[in-house]
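Q: Below is one structure. I have some questions about it.
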């Protein structure tokens, strides 16, 4: 065992993960890249040569050379409407392929069907976020190898650095042509940006695009060009549109969350970063959307504009673009119908890859240009360390998303969260799992007010300078912890075994924390 | 100030503990309509515990007890008054008799618990035609009475009317309430506006009741507080005029004179009190030195 820089005990070797020596988290920017990128196999297509289109998923699996023990990857742009992951794994099972490593950008509730394939040994390892039923399964020790959690930026970094080699990438493509050019913008299963799939297409040894909208060569508005695509399969439907995009995203009417949003917005407005041309990310949750609404009012009052909005894009951001409050949108994931329509029609709405969005080891990660980001958390501790992965009972239920990356990149990182969810406190002495270290978290905003990390005295000064008085209270962290304890009453400690079921990597590939198996809950 | 008094369901710990964060002027921890019969005991215990924490910011904290027609109201009072409730909101007050019964019970509980006699206020909900008719007698039946409040749904039903968007069925009741409250020297507080998503309707109703002379309004959703405060907060013109009146009156007093003239109008004591009240509502402490219009600083 050795302690890393956030005081977590990490074993020197983790079964199913490997040696951790030299890979302990040392600080947000401590580990820098060395050596060369690890690329895909060289391949070619001769003039007039190979037909890329194959009849079905099984033919594509066979043609890809996929064998037991290999690694396959998927993107999650079809979210809870996705059919592709389940179809590919069903086909693998029928073809007798086993012991696969699954490398998804994220899994959703719709993928609970994979539990059968985990039980039967078709899937032996998951490198990626797990939630819902699979999260519970993993947390209770239902998988042999630990899951490895990486951020949106940490994942492409791991591929380029050779930490993960993708044998076959299966890419759900809302539109494709016979040459293999694909786009997320059009088709009955349109999802907008397919930014999470870019790195997989470029670095996998074989790439299979699965589409339900095959068009003549060439399509316009290509997301990923055919130069990376080996095979195309046309099927009836790659997903359920109702689960792919939500109709409209609405600002919350929950008065508590609206109050938190107002406080967060006032904090941003008091900071030195709120000036003409600033860049920000707020995300799609209830509080972040409401913050966006308040920031718009703030921009009006101050007579300024934002140069860009980043991340998962909603109709709300699209409205800001149309109304001229934001100059550009950098979109790695389009959350709703308005965002999908906008990215298909407005040149100022730009599709970006996860690499461009958030990879710490490239030369222009968009998160580095962020002035402010609003994020959520399941827990924050006295040191401002944030947990977004495990729930109050210690179960692994959420991926990292872009949390680490945006927190590290933004000049002002704000966690906006009610102090309690039900009677579960969100502010604690020590988080159960460290996802993002306090050294990149600047402030916490709850219904009790604004709490600023003491290492950001400049922000504290700027906030006090704004003289909001009682209208936006300032609450020291110690007071918040005491208050949370008083309101929630004593919490039973989480009971875990020594077995490690999850490894949380910091975006640079070091181990920031491990997740231990929880004791199986009593069956009711 | 009682511009807004926010109802919080007595069986919801999250709301009970956090309602004050929305900064209403007062809170009403509710043991009556928002709590089902099977949860009455649990809610009473919960409300008692929350009261004992005494974390309500600047809010005046009251409890709506169950009516005197139930067997619950004495237990309600003996639980919440020792725990720190500043007042009791009593439903269905039809006659002064109800107030007298409550007064008596409060006196007993206060003396048992070492609370100064008479310190617990009574807020009377007049939810029937009879209650409204008796408004003045009810308001004057005990020194504890702090306010009278017309009912909403129950009262409309008793009047054999339906609640409408423009509230015409309660219009006369509201005017009556003002006359009775002013005659008795208590506050007149309006009933809730039930359409919680209709911000414009709420604003219209609050503007109307403010014009009638109401001191404030009961609130069932935190989102309504800001709107009502905006309506009840005096306009800049009202504030400026009130500042001039208060300043002139003080100057006159310091020179040993009674009546003065401001803006060509005779100002006597009631006008000065009204001006001071306007400044209180505007959140301006008139005891502090103020900038006068001509820039001169005065105490």
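All of the numbers you see were taken from the coordinates with simple rules; none came from a lab. What you see is a predicted model, and the numbers here were worked out from it, not measured in a lab. Counting neighbours? That spans all protein chains shown, and the Cβs are built from the backbone with ideal geometry, glycine included.
Q: Among A:119-131, A:486-498, how do they line up from the highest to the lowest mean number of other beta-carbon atoms within 10 Å?
A: Those peptides, ordered most packed to least, come out A:119-131, A:486-498.
Q: Oh, and also: Summarise the partner chain shielding of A:254-262 as one whole number: the mean count of Cβ atoms from other chains within 10 Å of each residue's Cβ.
A: On the way: counts 2, 10, 7, 0, 4, 6, 1, 0, 0.
Taking all residues of A:254-262 together, the mean is 3.
Q: Right, here's the next one. Please give the average number of partner chain Cβ atoms lying within 10 Å of the Cβ of each residue in B:14-24, rounded to a whole number. Please list the in-between numbers first.
A: On the way: counts 7, 1, 0, 6, 9, 2, 0, 10, 5, 3, 0.
Average per residue, whole number: 4.
Q: Could you grab the Rg to Rh ratio for the stretch B:4-232? Cα atoms only, Kirkwood for Rh. Numbers along the way, then the final one.
A: Details: Rg = 16.5 Å, Rh = 17.5 Å.
My calculation puts Rg/Rh at 0.94.
Q: Would you calculate the convex hull of the Cα atoms in the stretch A:274-401 and tell me its volume per residue in Å³? Display every interim value, and only then the final one.
A: Numbers: hull volume 17.0 nm³, N = 128.
Value for the stretch A:274-401: 133 Å³ per residue.
Q: Highest first, please rank the peptides B:92-98, A:166-172, A:270-276 by the mean number of other Cβ atoms sitting within 10 Å of their residues.
A: Working: B:92-98: 20.0, A:166-172: 26.7, A:270-276: 16.6.
Listed from highest to lowest mean packing, they are A:166-172, B:92-98, A:270-276.
Q: If you don't mind, another one. Which order, highest average first, do A:21-30, A:85-94, A:307-316 follow once you tally other Cβ atoms within 10 Å for each residue and take the mean per peptide?
A: Values: A:21-30: 15.5, A:85-94: 19.3, A:307-316: 25.1.
Peptide ranking by packing, descending: A:307-316, A:85-94, A:21-30.
Q: Tilt of helix B:199-212 relative to the longest C-alpha principal axis of chain B, in degrees (0 to 90, nearest 10)?
A: 70 degrees
Q: How far is helix A:477-488 tilted off the main Cα axis of chain A, in degrees rounded to 10, range 0 to 90?
A: Its long axis makes an angle of about 80 degrees.
Q: Between residue A:304 and residue A:479, how high is the FRET efficiency from 1/(1 + (r/R0)^6) when r is the Cβ-Cβ distance and R₀ = 41 Å? Nearest 0.05.
A: 0.75
Q: With equal scatterers on the alpha carbons only and no solvent term, can you work out the Debye log10 of I(q)/I(0) for the stretch B:165-251 at 0.23 1/Å?
A: These q points yield log10 I(q)/I(0) values of -1.12.
Q: Rounded to whole Å, give me the distance from the Cα center of the stretch A:240-281 to that of the stretch A:371-408.
A: Taking the Cα centre of the stretch A:371-408 as reference, the centre of the stretch A:240-281 is 17 Å away.
Q: I'd like the antiparallel share, as a percent to the nearest 5, of DSSP beta bridges with both residues in the protein assembly as shown. Write out the running numbers ahead of the final one.
A: Working: 29 of 112 bridges.
Restricted to the protein assembly as shown, the bridges split so that about 25 percent are antiparallel.
Q: For the stretch B:61-124 and the stretch A:324-348, what is the separation of their C-alpha centers, rounded to whole Å?
A: Here the answer is 59 Å between Cα centres.
Q: Quick check on the exposure proxy: order A:191, A:426, B:59 from fewest to most C-beta atoms within 10 angstrom. Show your work: numbers first, answer last.
A: Working: A:191 29, A:426 23, B:59 20.
By the 10 Å Cβ count, ascending, the order reads B:59, A:426, A:191.
Q: Averaging over all projection directions, find the projected area of the Cα convex hull of chain A and quote it in nm² with one decimal place.
A: Working: hull surface 94.8 nm².
That works out to 23.7 nm².
Q: Sticking with this structure for a sec: To test your reading of the geometry: what angle, between 0 and 90 degrees and rounded to tens, separates the Cα axis of helix A:84-94 from the longest principal axis of chain A?
A: 50 degrees
Q: Taking only C-alpha pairs under 8 Å that are 6+ residues apart, what is the relative contact order of chain A in percent?
A: Numbers: 1268 pairs, mean separation 86.8, N = 524.
In percent, rounded to a whole number, it is 17.
Q: Next question. With r as the distance between the Cβ atoms of residue B:230 and residue B:38 and R0 = 35 Å, compute the FRET efficiency 1/(1 + (r/R0)^6) and round to 0.05. Write out the running numbers ahead of the final one.
A: Numbers: r = 40 Å, r/R0 = 1.13.
According to the calculation, E is roughly 0.30.
Q: Can you grab the distance from the C-alpha centre of the stretch B:169-212 to the C-alpha centre of the stretch A:29-98, Å, no decimals?
A: Spelled out, the Cα-based centre of one part sits 68 Å from the other.
Q: At residue A:30 and residue A:235, where each label point lies 7 Å from the Cα along Cα→Cβ, what is the point-to-point distance in nanometres?
A: Taking the simple label geometry, residue A:30 and residue A:235 are separated by 4.4 nm.
Q: Along Cα→Cβ, 7 Å out, is where each label goes; now give me the distance between the ones at residue B:204 and residue B:166 in nm to one decimal.
A: Computed distance between label sites residue B:204 and residue B:166 equals 0.8 nm.
Q: For the stretch A:255-491, what's the radius of gyration and Dmax over Cα atoms, in angstrom?
A: Rg, Dmax (Cα atoms, Å): 17.2, 54.
Q: Now for a different question. Please figure out what share of the DSSP beta bridges in chain B is antiparallel and state it in percent, rounded to the nearest 5. Write out the running numbers ahead of the final one.
A: On the way: 5 of 34 bridges.
Looking only at bridges with both residues in chain B, the antiparallel portion is about 15 percent.
Q: Rank these for me by crowding, B:104, A:327, B:110, going from fewest to most other beta carbons within 10 Å.
A: B:104, A:327, B:110
Q: Right, another one. What's log10 of I(q)/I(0) for the stretch A:11-57 at q = 0.16 Å⁻¹, Debye sum over Cα points only, no solvent?
A: So the normalised log intensities work out to -0.74.
Q: Based only on other Cβ atoms within 10 Å, what is the fewest-to-most ordering of A:444, A:480, B:6? Walk me through the numbers on the way to the answer.
A: On the way: A:444 28, A:480 21, B:6 24.
If I rank by nearby Cβ atoms, fewest first, I get A:480, B:6, A:444.
Q: Which residue fluctuates most in the GNM of chain B (Cα springs below 10 Å): B:280, B:261, B:235?
A: Between B:280, B:261, B:235, it is B:261 that shows the largest mean-square fluctuation.
Q: For the pair residue B:274 and residue A:495, how long in nm is the line joining their label points, each one 7 Å along Cα→Cβ?
A: 7.1 nm
Q: Right, another one. Percent relative contact order of the stretch B:41-126, based on C-alpha pairs within less than 8 angstrom and at least six residues apart? Intermediate results must be reported in sequence, preceding the final value.
A: Numbers: 106 pairs, mean separation 26.4, N = 86.
That works out to 31 percent.
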